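Working notes, structure below.
The values are calculated or read from the model by the stated rules, or taken from the named source; none is laboratory data. Being a predicted model, the structure only gives us computed values, none of them experimental. Backbone-built Cβ (ideal geometry, glycine too); neighbour counts: all protein chains shown.
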Amino acid sequence: MNAPIQKVVIAGGGSSGWMAAAVLSRFFGKQVSITLVESSAIGTIGVGEATIPPIKTFNDVLGINESDFLKQTRGTIKLGIEFENWGKEGDRYMHAFGEVGRNLGIASFQHYWRRAKQSGVGGDFWDYSLNYQAAKHGKFTPLPLIPQTKLPGLNHAYHIDAGLYAQMLRGYSEERGVKRIDATIQHVLRNEEKGDVKGLQLDNGTIVAGDLFIDCTGFRALLIGETLGVDYEDWSHWLPCDRAVAVPSERADTIAPYTRSIAHEGGWQWRIPLQHRTGNGLVYSHRHLSEDEACHKLLSNLDTAPLDEPRPIRFTTGRRRQQWSQNVVSLGLSSGFLEPLESTSLHLVQQGLTRLIKLFPHQRIQPSDIEEYNRQSTLEFEQIRDFIILHYHLNEKKDSPFWSECRESPKPESLLRRIELFAGSGRVFREQDELFSETAWEQVMLGQGITPEDFHPLANNLSDDELKEFLASWKRIVDKTVVQLPNHDDFLKPFQ
Ligand SMILES: Cc1cc2nc3c(=O)[nH]c(=O)nc-3n(C[C@H](O)[C@H](O)[C@H](O)COP(=O)(O)OP(=O)(O)OC[C@H]3O[C@@H](n4cnc5c(N)ncnc54)[C@H](O)[C@@H]3O)c2cc1C
């Protein structure tokens, strides 16, 4: 590309297509024309209901307020993800968003808590998590700070109807001039000389020409994969689940402000409460469970009556080797897929868009910008991949071929190094701009059964009595705050 970008074409109108349209129209709507092509005949993947806290920033940047968002997406609050039966049958822990306890200087709270445990004075780790306690008591109100203090309050995300969110973003984008075309792309036309994409030929006979193309065509990856031939790096040997069955069920009487992830013999099941229904699905490995068995397992483990037949979905965990190639940037499922255990897919779309805005071409597309985009995307995918593998790897389930394989198969060096560090001295480091915080890693490693051998010597700076009071005072603050919070169900009433 040797000329400034004038026409951006987005192929695909699932969550990623409309997120892209919203962000690009917000930032570049006055400088470029934006066209989105989607096919109602093909439809979208139709899942993707759990989010993580950075989505609040995404909405803030677009100027979408929380009340409108909760109303329009039939959304509920998510304070964390509870993992049931993951380490072994009967285990239960939460990856609660936000901090647990309070770090003292350089050493994280976990070291003080570990020392207190060894002296027999510490409670359960999650006694000191405001998010966890609020989640388990079904409480919520927006609370950036704990009242009368400067201490961080609740850190929340949402459960949403992703189809309604895409509709909301469509309205937002069309108001800002995005042109939508409902048609099926039949051919992707390439510039013979340079090999980049020059247009999309549609089944209605028209050609949509562009300078920059955003591939949001889902697993089909019509532009980046089928047309440009960019390879897919398969990570199934690290994350063996490759199928899901999904089914909505009736809404629950009480709406829990957290996601449930329940491990089964050949995979795990999600339960995501929305205002009008519950989203359910079972993620599994086809080598260990048949589709019939998966459907049966899913249907026999619902809290409420199913509203439909289970819908099968196939996927391959991995990533596109270059997520930006020539004049095509891939976002969403076309760029790679990490299974939904930590609800990271919509976040990866958000991150891809942030990166694209930062590296948006001016006079021409610079190869060095493409390289930087791909370098950052690779690192981000690999860091999230390791965090997800962690949950599978640390299990003690000896009587299940699936879980034995998850435990015993080779793991990325980057992950093994982190596990070894934590198991030895209880230390965790958040690397570069990594998504998951030290507290997130600590919760999952503790929850999956690691007991660090040692703690940081700084924890010895407190006497036994001081340590006891430090933990007790923090627990008092958490308990007092939770008692005063309204019920999550009451919080949701104005949005229903
Ligand atoms: C089992 C499962 C559970 C998930 N759960 C979560 C979750 O809890 N949280 C989360 O963040 N993410 C989750 N995800 C991921 C999430 O669903 C996706 O990241 C998100 O929906 C974005 O999808 P997409 O827009 O890239 O693709 P799609 O939704 O598949 O959209 C593709 C678009 O391309 C269009 N298209 C395709 N081919 C053509 C063509 N030839 N012509 C015209 N248009 C075409 C389609 O019409 C559609 O509009 C989950 C995914 C799976 C598989």
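Only residues that are in a strand (DSSP E or B) and among the small types (Gly, Ala, Ser) were counted across the stretch 245-274, and they come to 5.
Residue by residue, here is whether (1) over 26 Å from residue 130 (Cβ atoms); (2) crowded, with 18+ Cβ neighbours inside 10 Å; (3) of a type outside the set (Phe, Trp, Tyr) holds:
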position: 370; (1), (2), (3): yes, yes, yes
position: 378; (1), (2), (3): yes, no, yes
position: 407; (1), (2), (3): yes, no, yes
position: 439; (1), (2), (3): no, yes, yes
position: 445; (1), (2), (3): no, yes, yes
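Of note, residue 338 does not satisfy the criterion of being modelled with pLDDT of 95 or more, out of contact with any Phe, Trp or Tyr (no Cβ under 9 Å at 6 or more places or on another chain), within 11 Å of the ligand (Cβ to nearest atom) and over 24 Å from residue 74 (Cα atoms).
For the stretch 200-220, a residue qualifies if it is over 25 Å from residue 15 (Cβ atoms) and away from the ligand (no atom under 13 Å from the Cβ), and the qualifying residues are 205, 207, 209. Restricted to the stretch 1-83, the set of helices (runs of 4 or more DSSP H) holding at least 3 residues that are closer than 18 Å to residue 346 by Cβ, within 16 Å of the chain's Cα centre (by Cα) and touching a residue at least 60 places away in the same chain (Cβ under 8 Å) comprises 15-28, 55-62. I'd like the full set of residues that are touching a strand residue (DSSP E or B) at 6+ places or on another chain (Cβ under 8 Å), buried (at least 21 other Cβ atoms within 10 Å of the Cβ), on the phi < 0 side of the Ramachandran plot and not in a helix (DSSP H, G or I), limited to the stretch 318-337. Passing the criteria: 319, 320, 323, 324, 327, 328, 329, 330, 331, 337. As a summary of the residue check, residue 399 satisfies the conditions (1) surrounded by fewer than 19 Cβ atoms within 10 Å (Cβ to Cβ); (2) in a helix (DSSP H, G or I) except for the one numbered (2). Report, ordered by the first and then the second residue, all pairs with beta carbons closer than 7 Å, sequence separation of six or more or different chains, a first member in the stretch 327-346 that is free of Cβ contacts under 8 Å to residues at least 60 places away in the same chain, and a second member that is basic (Lys, Arg). Listed pairs, sorted by first residue: none to list. Picking from residues in the stretch 297-312 that are over 10 Å from residue 282 (Cα atoms) and not in a loop (DSSP other than H, G, I, E, B), the one that is nearest to the ligand (Cβ to nearest atom) is 311. Pull up the stretch 30-67, narrow it to residues that are within 7 Å of the ligand (Cβ to nearest atom) and of a type in the set (Val, Ile, Thr), then point me to the one that is farthest from residue 310 (Cα to Cα). Per the stated criteria, the residue is 37.
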